[in-house]
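Q: Below are the structure tokens for one structure; questions will follow.
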Amino acid sequence: MHPPMKQSSVSEGDRHSVVTKLSTRRGSDLELVAQLQAGAREAATSLFDRYGQHVQRILWSILGPEPESEDLLQEVFMRALAGIDDLEDPNRLKSWLAGISVYAAREWIRKRARRRWLSFVADVPERAQPRASEEVSEATRCTFDVLRSMGEEQRTLFSLRFIEGMEVAEIALACDVSVSTAKRRLKDAEKQFLARARKRPALTSWIEEGGRWQVP
């Protein structure tokens, strides 16, 4: 589903810059986790400022335009703060938050299914991006409509891979499965999605182009 990428050359200076930035982030995460585990009040705000958008993107990718998304965002960080002492490797703070986000989203889907709250929410919440065209808005609506017809696990895997753009290894870590299992289930999820999406005229061109399912 991803378009082929052109091979690019990276200078030694650029490579050093990237490594330096990654090292800085790791160090800052180490410090942040230490502060959180020590109970520093300002650390909670720093955690949200650093990873709030990351968590929000994951929830949006899985759930789509649901009015409860903002509440669930707060819930994810409440769970993270409550369980921060269980984080053994501070370098995995970002992926650890992704795992909590995935678990919370899947839990919400299960509860919603049990209560039969499966109607589509027509009013898409405002986002800090330009207003989408009517064609893209309809494709977005149909995409999440199709996702809602899929099983909880298939919906989550497909969303993380083809909407959020996460790597398979990241998805495996977030969903607590092996990479081989993630690959196998992703293939099944993609097959299920395409079988349903081909029945939607608004999604036909996207399928033919083989583009990434990027939500506006």
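Q: Looking only at the range 153-174, filter to residues that are modelled with pLDDT under 85 and of a type outside the set (A, V, I, L, M, F, W, C); which one of those is surrounded by the most Cβ atoms within 10 Å (Cβ to Cβ)?
A: Result: Glu164.
Q: Quick one: Trp108 ticks every box in (1) at pLDDT below 90; (2) crowded, with 20+ Cβ neighbours inside 10 Å; (3) more than 16 Å from Thr156 (Cα to Cα) except a single one, so which number is it?
A: Going through (1) at pLDDT below 90; (2) crowded, with 20+ Cβ neighbours inside 10 Å; (3) more than 16 Å from Thr156 (Cα to Cα) one by one, Trp108 breaks only (3).
Q: Out of curiosity, is Ile84 among the β-branched types (Val, Ile, Thr) and at pLDDT 85 or above?
A: Answer is yes for this residue.
Q: If you go through the range 133-152, how many residues are in a helix (DSSP H, G or I) and either surrounded by fewer than 16 Cβ atoms within 10 Å (Cβ to Cβ) or among the hydrophobic types (A, V, I, L, M, F, W, C) (or both)?
A: Adding up the residues that qualify gives 10.
The values are calculated or read from the model by the stated rules, or taken from the named source; none is laboratory data. Treat the numbers as computed from the prediction; the structure is a model and nothing was measured. Ideal geometry is used to build each Cβ from the backbone, glycine not excepted, and the neighbour counts take in all protein chains shown.
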